[in-house]
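The next block holds one structure in the form of structure tokens; read it before the comments.
The values are calculated or read from the model by the stated rules, or taken from the named source; none is laboratory data. Source: prediction; values computed, not measured. Quick reminder, even Gly has a Cβ in these numbers, built from the backbone with ideal geometry, and neighbours come from all protein chains shown.
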Amino acid sequence: MNAVTLGPAGTYSHRAARAVAAEVSFRESVTAIVDAVASGEFERGVVPIENSIEGSVSESLDALADHDVAVTREVVTPIRHALLAQSPEFELVASHSQALAQCRNWLEANHPDAALEAVASTARGVERAREDARVAGIGHPDNAGDDLEILAADIQDRTSNATRFLVVGPESARSDAGGKTTLIVYPNANYPGLLLELLEAFADRNLNLSRIESRPSGERLGDYLFHFDVDAGLYEDHMAKAVEDVEAIADKGWVRVLGSYDTEHVLE
Ligand SMILES: O=C(O)C(=O)C[C@]1(C(=O)O)C=C[C@@H](O)C=C1
């Protein structure tokens, strides 16, 4: 199985992708990854969806809403950041915006004068550090190689820092089997109790939601679509019925059922 994920080599996404595919290729944005799977160029894509400190990765949510793809698995992995540079004499810290945010307090306390630069990925920030002595990168410590020093390890603001990645495949890979289901709902309507009705489709059947996110639809201000993760598989009768109810409520808009899948925990 070949997979595409956020590059260059050495990103956390790369570490997650190695757990599901023997061959991993890279793109520099989440949207490009989902595009490459939707167009059939790759069998699987691995995208970060949510972090325990910083919350949702909105580019991933929007890319999933905009493409006909399926979710085939989720991978959860701990994120332990290190500060890497040629020497302690750096002026600027480059990393992915999520990583900079996960280390915000540590950076403020330890390097208040350093400038911050958001780049496409943590590994791209480490590359910047490798090319330029004025730059430090934040990323996985394995990226240090022979030429960079690990100036500090475990610099994330909370000891428990974990990111959830979704493995996406073509629509044909959509499965009803698995302990979790993701769906995206665009009701294209706005009236009192609409969200309550959607939630009741699950609550009335004792189905637990593990995540709900709203994202702007892009159609008009105040118009939203909703991302639901449910702790049940589509093979379960009450889950299939909940989806039918949601489809009836959203009959002026659309419902994208991305499928059911299981979770893998990757520690290294
Ligand atoms: O830049 C990377 O290494 C990534 O894989 C992206 C990403 C993210 O977007 O959340 C993945 C895990 C960490 O939370 C930090 C960055």
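Below, the figures for the structure above:
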read-out	value
Some residue of the range 157-164 being surrounded by 17 or more Cβ atoms within 10 Å (Cβ to Cβ) and in contact with a strand residue (DSSP E or B) (Cβ under 6 Å, 6 or more places away or on another chain)	yes
Residue list for the range 222-268, restricted to those being under 17 Å from the mean Cα position of the chain (by Cα), among the acidic types (Asp, Glu) and more than 10 Å from Thr181 (Cβ to Cβ)	Asp262, Glu264
Qualifying position, being within 30 Å of Asp147 (Cβ to Cβ), over 12 Å from the mean Cα position of the chain (by Cα) and not assigned by TED's automatic domain parsing to the domain that holds Thr182, among Glu89, Glu23	Glu89
Complete set of residues in the range 45-73 that are under 10 Å from the mean Cα position of the chain (by Cα) and not aliphatic (A, V, I, L, M)	Pro48, Glu50, Asn51, Gly55, Ser56, Ser58, Glu59, Ser60
Candidates Arg205, Arg211, Arg215 - the one that is more than 29 Å from Thr163 (Cβ to Cβ) and of a type in the set (Lys, Arg)	Arg205
Tally, over the range 217-268, of residues that are surrounded by 15 or more Cβ atoms within 10 Å (Cβ to Cβ), in a helix (DSSP H, G or I) and acidic (Asp, Glu)	2
The range 112-129, subset without any contact (Cβ under 8 Å) to a residue 40 or more places away in the chain and either in a helix (DSSP H, G or I) or over 11 Å from His96 (Cβ atoms) (or both), residue nearest to the ligand (Cβ to nearest atom)	Gly125
Filtered residue count, the range 31-56, keeping only those that are of a type outside the set (Lys, Arg) and away from the ligand (no atom under 14 Å from the Cβ)	9
Subset of the range 19-30 that is within 14 Å of the ligand (Cβ to nearest atom) and surrounded by fewer than 16 Cβ atoms within 10 Å (Cβ to Cβ) - its residue that is farthest from Asp142 (Cα to Cα)	Ser29
Scope the range 70-94; condition within 16 Å of the ligand (Cβ to nearest atom) and either among the polar types (S, T, N, Q) or under 30 Å from Tyr261 (Cα atoms) (or both); matching residues	Glu74, Val75, Val76, Thr77, Pro78, Ile79, Arg80, His81
Any chance Leu198 is surrounded by 14 or more Cβ atoms within 10 Å (Cβ to Cβ) and in a helix (DSSP H, G or I)	yes
Hits in the range 149-172 - residues which are aliphatic (A, V, I, L, M) and more than 16 Å from the ligand (Cβ to nearest atom)	Ile150, Leu151, Ala152
Residue satisfying condition, being closer than 25 Å to Met1 by Cα and modelled with pLDDT of 95 or more, within set Val119, Val168, Val126	Val168
